[in-house]
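Participant: Provided herewith is a single structure, encoded as structure tokens, for subsequent inquiry.
The values are calculated or read from the model by the stated rules, or taken from the named source; none is laboratory data. Being a predicted model, the structure only gives us computed values, none of them experimental. Please note: Cβ atoms are built from the backbone with ideal geometry, for glycine as well, and neighbour counts cover all protein chains shown. Areas reflect the complete protein model, heavy atoms only, side chains present, ligands, DNA and RNA absent. Shrake-Rupley method; radii C 1.70, N 1.55, O 1.52, S 1.80 Å.
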Amino acid sequence: QVQLVESGGGLVQAGGSLRLSCAASGRTFSSLVMGWFRQAPGKEREFVAAITWSGGSTYYADSVKGRFTISRDNAKNTVYLQMNSLKPEDTAVYYCAADTKLSSVSRGMSYWGKGTLVTVSS
């Protein structure tokens with residue numbers, strides 16, 4: 001079983017930056033594809049970004065491309081989401097997710113954190 005704990009959420013003004021972190025335990029971190037998803041009030045959860053096992057490939061939703069950067073530190077069992085140029089529409093609960101398969105990013109990740117709230121004020 002994989003445990004995921006997110007941190008770094010908070011309140012920020014539009015145009016500002018935040019960095020989210022997700023610490024993983026319970027499985028060899030480098031065996032996991034890691035992803036960030038978000039759910040805004042009244043909306044369905046959506047994909048934000050993903051990174052492959054060694055960090056060699058990254059994927060982004062069009063809505064965050066060029067503003068958000070996903071990275072990982074396998075020595076620290078941690079994945080990050082650097083969010084710049086934040087907009088009010090980025091307001092959501094951000095979830096860290098993990099799976100051993102890259103295809104699970106679109107089909108459904110096996111492991112999920114409890115989420116961290118990001119609020120962007122205008």
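Participant: Which one of 94, 4, 16 is farthest out on the positive end of the charge dipole of the chain, using unit charges on Cβ (Lys, Arg +1; Asp, Glu -1) and the Cα centre as origin?
Facilitator: Towards the positive end, the residue furthest out is 4.
Participant: May I pose another question? In nm, to one decimal, how far is the modelled label at residue 57 from the one at residue 28, with both set 7 Å along Cα→Cβ?
Facilitator: Calculated label separation equals 2.0 nm.
Participant: Could you give the length gained by full extension between residue 40 and residue 73, i.e. 0.36 nm per residue of separation minus their alpha carbon distance, to one decimal place?
Facilitator: Taking residue 40 through residue 73 to full extension adds about 9.1 nm, to one decimal.
Participant: Something else now. Over the chain, what percent of the accessible surface lies on carbon and sulfur atoms, probe 1.4 Å?
Facilitator: 46
Participant: Here is a follow-up. Net charge near residue 31: determine it from the other residues with C-beta under 14 Å of the C-beta of residue 31, scoring Lys and Arg +1 and Asp and Glu -1.
Facilitator: Residues near residue 31 contribute +2 overall.
Participant: For the chain, report the convex hull volume of the alpha-carbon atoms normalised per residue, in Å³, without decimals.
Facilitator: 90
Participant: Given a 1.4 Å probe, how much area per residue of the chain is accessible, in Å²?
Facilitator: Per-residue value: 51 Å².
Participant: Okay, moving on. Build a GNM of the chain with springs between Cα atoms under 10 Å: which of 87, 101, 76 gets the top mean-square fluctuation?
Facilitator: Comparing 87, 101, 76 in a Gaussian network model of the chain, the most mobile one is 76.
Participant: To the nearest 20 debye, what charge dipole does the chain have about its Cα centre, counting +1 at the Cβ of each Lys and Arg and -1 at the Cβ of each Asp and Glu?
Facilitator: It works out to roughly 140 debye.
Participant: What is the total of Lys pairs in the chain with C-alpha atoms under 24 Å apart, excluding same-chain pairs fewer than 8 positions apart?
Facilitator: 9
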